[in-house]
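Contents: one structure, followed by commentary.
The values are calculated or read from the model by the stated rules, or taken from the named source; none is laboratory data. Just so it is clear, the model here is predicted, and its values are computed rather than measured. A quick note on method: Cβ atoms are made from the backbone with ideal geometry, for glycine too, and the neighbour counts reach across all protein chains shown.
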Amino acid sequence: MNYITILTAALFLCSSDPGPEPMYTLEKLTSRINTKYDEINPVVSLDGETLYFTRVGHPSFDKTLKVNEADFSQTLSFNEYSQKLKEIYNQLGEVDCTDPVSSAFNQDIWIAASDKDLFDKVEHPSYPLNSALPNSVCAVTTDPSKIVIVNQFFKDGSMQKGFSFAQRGSDTWQFPEPLFIYDYHNIDAGVNLTLSKDNEVMILSLAKEDSRGMNDLYVSFRIHTTLWSAPEHMGSILNTSANEITPFISDDKQFIFFSSDRAGNNRGQDIYISERLDDSWTNWSTPEALPLPINSEADEAQPFLNRRSGYLYFTSTREGSSDIFRVKYFHPNPKKDRQRPLLVNIPPERTMTKMLTCLVVDATTGEAIDAEVSYGPLTTDEFTHSTVTGKKGLAINPENEKLFKFQVSREGYISKTQKLDLSSSNLKEDGIIRIAMDPIKVNTRISMDPIFFMRGNERILSGSYSELDRLASILRQHPKIQVNINGHTDNVGDQWALYELSENRAIAVKQYLVRSGIESYRIKTKGYGPSKPITDNSTEVMRARNRRVEVVITKI
């Protein structure tokens, strides 16, 4: 069977060792969802009441095909339109497309809703969520009206590899907005992703230079609302010389489901599960194939576990075409040293009972300082106002809340707003929250999250706009401050070109700030190219740290 689930991806599905005797009762979703066509990529809303899925090769696909904003479905004859669509599908990777309707690139998003787990209300959205180009949902977000879809779309009708956010308005879907992943590239066609429940962690299936086989699993972390860090390989326990695809991460981020045709599986793809063994993202238990009747002699993939309902959704070709099934899921196999918990009963959050101490420190010296602090859980708009006193700090009771926000201020320092995951391994075991403030002094660097640019040029990615807006706000709050914007690169490429690129990126940041109302004379720029690395360039991770923009105070 050969069809794509995303962009130019061919999805290869099969199964492996069926495992223990059957302990589950499978349910094939109704004929409103499963048809003679291929139904793939089941994604369920957090409340369990909405199912997004993709239908492949269906004749009622949305035929909108825009080129330079003209819709060819309205301006071309049937034969001309079909020929144009064949050409586009051939460009995307299909070999000699003869019938665009039945093509694997003909994919539309469908939505099924129900308040009793029946999914009997099926909707087929129109443009701009669907079009004649490949359309598929990857993940849901913390915003019930926003989903992640495959590909990046532009209003002139063009499309490129990647992912987008699609948001539903009061009456219709809005035009998709790009989701940015720093240093994102994929040397093969197949790609997929899943988001953790809090949207902080992204797991991708990609083929890159460091992949062990075809697609491997990678992890990326959220930097801003629309921007995630460069994908990092998840190690050789999860990844093999085979094809690891369609990942799903459990709500507590401790279990990963994925499909693989690894060694020992003589038929193709099966669904596997593995448990994260520490706070890293490379140390996992040996993946175990899910038992009968979840895996079968056919092809199983695209697992999606909804904790609210307890259902594990997945696709299987056991009845010929690809259909969507579900099962009330728990993991029955105990470890030698302890019983593995039922996934449907995993507590929604790690319990926070320990009192924490908040310290505000000088970012340049690390010394504790007095400051005014407002803090509270992200789940409410409420703040508690207190004064932090030097090394004594401020005692905080998380009250089982995990995500907190802090606003700190002090005369002579740049005010700061910070969000923290109080259960994160980044929080020291001593239970101390340290919030660093930048002093307003000449030669002090203003702390900023990385500014990300389009690969190889000076175009700022929109995911960095919010950080530049924060910098503009700082400069407005302190109108006497003047700064240097210093651009830096790694050491890969022509040296003179790197100096020019770093200078152009610094200029691009200045231009953004000037457009935001900051006087031009307050900002100077300089490009240092690769001459001032903060770490060696031995790995891609190290090189990424050297590709940066720094803001240094020159006058107050």
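Per-structure values
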item	result
Selection within the range 86-113 - within 23 Å of Pro42 (Cα to Cα) and not small (Gly, Ala, Ser)	Val101, Phe105, Asn106, Gln107, Asp108, Ile109, Trp110, Ile111
Positions within the range 56-68 being under 29 Å from the mean Cα position of the chain (by Cα) and touching a residue at least 60 places away in the same chain (Cβ under 8 Å), in sequence order	Val56, Phe61, Asp62, Lys63, Thr64, Leu65, Lys66, Val67
Residue within the range 54-76 that is buried (at least 20 other Cβ atoms within 10 Å of the Cβ) and under 24 Å from Ile249 (Cβ atoms) present	yes
Qualifying residues in the range 360-405 (those that are farther than 27 Å from Lys441 by Cα and of a type in the set (S, T, N, Q)) - the one modelled with the highest pLDDT	Thr384
When residues of the range 36-52 are limited to those that are polar (S, T, N, Q) and part of a strand (DSSP E or B), the one nearest to the chain's Cα centre (by Cα)	Asn41
Filtered residue count, the range 286-308, keeping only those that are assigned to a loop (DSSP other than H, G, I, E, B), modelled with pLDDT of 90 or more and under 25 Å from the mean Cα position of the chain (by Cα)	2
Matching option when the condition is more than 18 Å from Gly190 (Cβ to Cβ) and surrounded by fewer than 23 Cβ atoms within 10 Å (Cβ to Cβ), among Thr240, Thr226	Thr226
Number of the exception - Ser145 against (1) hydroxyl-bearing (Ser, Thr, Tyr); (2) crowded, with 19+ Cβ neighbours inside 10 Å; (3) under 21 Å from the mean Cα position of the chain (by Cα)	(2)
One residue from Ile433, Ile460, Ile481, Ile451 being buried (at least 18 other Cβ atoms within 10 Å of the Cβ) and at pLDDT 90 or above	Ile481
Residues that are out of contact with any strand residue (DSSP E or B) (no Cβ under 9 Å at 6 or more places or on another chain) and surrounded by 18 or more Cβ atoms within 10 Å (Cβ to Cβ), drawn from the range 484-519	Asp490, Ile518
Which numbered condition Gln174 fails, given (1) in contact (Cβ under 8 Å) with a residue 24 or more places away in the chain; (2) crowded, with 16+ Cβ neighbours inside 10 Å; (3) over 14 Å from the mean Cα position of the chain (by Cα)	(2)
Any chance Asp62 is modelled with pLDDT of 95 or more, over 20 Å from Val191 (Cβ atoms) and either of a type in the set (D, E, K, R) or outside the structural domain of Ala139 (by TED's automatic domain parsing) (or both)	yes
Residue in the range 494-502 that is in contact with a Gly (Cβ under 8 Å, 6 or more places away or on another chain) and either part of a loop (DSSP other than H, G, I, E, B) or closer than 19 Å to Leu227 by Cβ (or both) present	no
Positions within the range 77-106 being assigned to a helix (DSSP H, G or I) and either over 32 Å from the mean Cα position of the chain (by Cα) or of a type in the set (Gly, Ala, Ser) (or both), in sequence order	Phe78, Asn79, Glu80, Tyr81, Ser82, Gln83, Lys84
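Table: residues versus (1) farther than 30 Å from Phe221 by Cα; (2) within 27 Å of the chain's Cα centre (by Cα).
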site	(1), (2)
Ala70	yes, no
Thr75	yes, no
Asp108	no, yes
Ser126	yes, yes
Ser164	no, yes
Arg168	no, yes
Leu179	no, yes
